[in-house]
Amino acid sequence: MRNIKSEIIAAILVLLFAYTAIQKYIDHNTFLLTLKDSPLFHHIAGLISWIVPITEFGVVSLLLFPTLRKTGLFLAALLLASFTLYIGYMLIFIPNLPCSCGGIISLLSWKQHLVFNIFFTSLATYGWYDIKSNKNIAIRRSPTPVT
Amino acid sequence: MKQYLLGFVALVTAITLNSFTLRTENHRGTTNIYKYLDYPNDAFINNSAHYQQVSSITCPGGSHRCAVEAQDDGTGLPDLTVPYTPRTKN
């Protein structure tokens, strides 16, 4: 049975992750330089600058296929939660904030970005939970085998 | 096939949106040579506005700074807040 809610949530997340991953890949030099400005990642900026877009592309691939969507939503929530924690840490502890976000999202302030990330983390978590609970209902409703 | 449709529409939209996103070229972080414009007066050597990017330079020698090899600060001027190499000769 199709789960329209989780399909819409997955599509929104595909749009978000594909857009930012492509931005980070195309404009890789800018992404790398802003990571070098980051007090948390400056020593591993080169590695992170590739790991983040590759992971985002990976999440997009998982979200596109219905059989892998549940894992994709879980990883999307995890990735967004880690970005949210990073933004929270930077807002609390770092006075001069570099932005390593992609495209039009870089127009947001750090506080707006935090709200944006919290929203999308909640959306991904809800999508994952929805698929999980629907599967449990489907298992419970399936007829018991005749013995 | 219907269950793949929304995802692929989103993917195509993301690619399309990227095509319309303006990119400004950022030279920040690249190392260049910047000529010191007030040579041999050393009063403004710490002011990046008194430098100009050049492709190469030959310094006359002596103790005064004539140029620096430094990272670009993103505006075409040297970033003097990070380590750089001052040039006094050649």
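The values are calculated or read from the model by the stated rules, or taken from the named source; none is laboratory data. Nothing here was measured: the structure is a model prediction, and the numbers come from that model. These area figures cover heavy atoms from the full protein model, side chains too; ligands, DNA and RNA do not enter into them. Shrake-Rupley method; radii C 1.70, N 1.55, O 1.52, S 1.80 Å.
First check a/c for segment A:32-99, with a ≥ b ≥ c the square roots of the eigenvalues of its C-alpha gyration tensor; if it is under 1.5, answer rounded, and if not, answer prolate when a/b is larger than b/c or oblate otherwise. Here segment A:32-99 falls in the oblate category.
What are the lysines whose alpha-carbon lies under 18 Å from the alpha-carbon of A:LYS70, with same-chain residues fewer than 8 places away excluded? Excluding near neighbours in sequence, the set is A:LYS5, A:LYS132, A:LYS135, B:LYS2.
With the Cα gyration tensor of chain B giving a ≥ b ≥ c as the square roots of its eigenvalues, does the rule (a/c under 1.5 for rounded; else a/b larger than b/c for prolate; else oblate) give rounded, prolate or oblate? Prolate, since a/c reaches 1.5 and a/b exceeds b/c.
With a 1.4 Å probe and all protein chains kept in place, how do A:PHE41, A:PHE74 rank by accessible area, largest first?
Details: A:PHE41 55, A:PHE74 95 Å².
The most accessible residue leads, giving A:PHE74, A:PHE41.
Note on chain B: GNM, Cα springs under 10 Å; of B:SER63, B:SER19, B:SER48, the largest mean-square fluctuation is that of B:SER19. Between B:THR13, B:THR58, B:THR75, find the one with the highest GNM mean-square fluctuation for chain B; connect C-alpha pairs within less than 10 Å. Of the options given, B:THR13 has the highest mean-square fluctuation. Per-residue surface analysis assigns B:HIS64 an accessible area of about 70 Å², computed on protein heavy atoms at 1.4 Å probe radius. A 1.4 Å probe, protein heavy atoms only, puts the accessible area of A:TRP110 near 40 Å².
Note that segment A:4-141 carries a Kirkwood radius of 15.7 Å, evaluated over its alpha carbons pair by pair.
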